[in-house]
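Input: a single structure, listed below in C-alpha cells.
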C-alpha cells in the first residue's frame with residue numbers, strides 16, 4: 001500500500017529504462033505485437049513497463065484481466081474552479097507518496113485535494129495543478145499491481161482508443177512483473193510546454209544519475225469533470241514525440257536544492 005511521508009524526491013534505485021519513456025536518446029516506437037510496455041528502440045511497445053523488466057518467454061495474462069470502464073463517469077467529486085494560468089511554481093507544501101521504492105510528490109494546496117476509493121482526485125486548475133496530476137498519475141501506475149493500475153487508468157486518464165490499448169498492455173504484463181520487482185528513475189521536476197483552460201502539456205523530468213543526464217517526456221492533460229486527466233495518443237503512448245535530454249537548469253524542480 002502506498003503511504004505518505006516526508007521524503008527526498010525520487011530516492012530509489014536508478015534504472016536506464018524509464019516506464020513511460022525510453023532512456024536518454026531513445027525514441028518512442030509504434031504499437032506492434034509483443035508483451036513489453038515501454039517506449040524502447042526496436043521491438044513492440046506498449047507504454048507502461050520497460051523491456052528490461054521482462055524475461056524471455058513470459059506468457060500473457062488471461063483476457064479476463066480487469067479493464068478500465070469505457071463509460072465516462074456520470075458525476076464528478078471535484079469542485080470546478082476558475083483557471084489560474086499564472087500558477088507556474090512547484091507547490092511549497094510538498095510531501096511524498098512512497099510505494100515499492102517509487103515516489104512522487106503531492107500537495108494539500110495543489111492536489112490531490114481528495115482521495116476517492118484510494119484514488120487521487122481533484123487537482124488545481126492551473127499549470128502547477130496539471131504538473132502534479134501528470135506526475136501522480138504516471139508514477140502511481142508504475143508502482144501499481146494489475147488491478148490498481150486498471151483503476152488508475154479508468155479514473156485518471158481520458159477514455160479513448162489509446163486508453164484501451166494501454167489497458168490491454170497492462171493486462172498482458174503486470175501480473176508477471178509485480179511492482180516490488182521494478183526499479184525507477186528519479187522524478188525531478190517539470191516544465192510547462194503549453195497551457196489553456198482546457199488542456200495542458202507538461203514535460204516531466206527524470207534524473208539518470210549514472211549517465212549524468214536529465215531526460216524528459218511529454219504528458220498531455222485535459223480538464224474533464226473539473227479535474228486534470230491524462231490524454232493518451234491513439235497508439236496508447238503518452239506522446240508521439242521522442243523523449244529529450246533536458247538542461248539541469250531548464251525546468252522547475254519539485255523541491256529547491258538545499
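What the table below lists for this structure:
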| read-out | value |
| --- | --- |
| Residues that are in contact with a helix residue (DSSP H, G or I) (Cβ under 6 Å, 6 or more places away or on another chain) and assigned to a loop (DSSP other than H, G, I, E, B), drawn from region 167-181 | 177 |
| Only listed residue being surrounded by fewer than 21 Cβ atoms within 10 Å (Cβ to Cβ), in a strand (DSSP E or B) and on the phi < 0 side of the Ramachandran plot, chosen from 201, 159 | 201 |
| Residue within region 141-154 that is modelled with pLDDT under 95, closer than 18 Å to residue 222 by Cα and surrounded by fewer than 21 Cβ atoms within 10 Å (Cβ to Cβ) present | yes |
| Evaluation of residue 225 against (1) surrounded by fewer than 20 Cβ atoms within 10 Å (Cβ to Cβ); (2) in contact with a strand residue (DSSP E or B) (Cβ under 9 Å, 6 or more places away or on another chain); (3) under 24 Å from residue 80 (Cβ atoms) (one fails), failing number | (2) |
| The one condition in (1) surrounded by fewer than 23 Cβ atoms within 10 Å (Cβ to Cβ); (2) in contact with a helix residue (DSSP H, G or I) (Cβ under 6 Å, 6 or more places away or on another chain) that residue 95 fails to fulfil | (2) |
| Those residues of region 98-117 which are in contact (Cβ under 8 Å) with a residue 24 or more places away in the chain and in a loop (DSSP other than H, G, I, E, B), in sequence order | 100, 101, 112, 113, 117 |
| Matching residues, region 120-156, being outside any helix (DSSP H, G or I), within 14 Å of the chain's Cα centre (by Cα) and free of Cβ contacts under 8 Å to residues at least 60 places away in the same chain | 120, 144 |
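Residues checked against (1) within 23 Å of residue 92 (Cα to Cα); (2) part of a strand (DSSP E or B):
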residue: 215; (1), (2): no, yes
residue: 221; (1), (2): yes, yes
residue: 233; (1), (2): no, no
residue: 239; (1), (2): no, no
residue: 242; (1), (2): no, no
residue: 249; (1), (2): yes, no
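The values are calculated or read from the model by the stated rules, or taken from the named source; none is laboratory data. Since the model is a prediction, treat every value here as computed from it, not as a measurement. Note: ideal-geometry Cβ built from the backbone for every residue, glycine included; neighbour counts use all protein chains shown.
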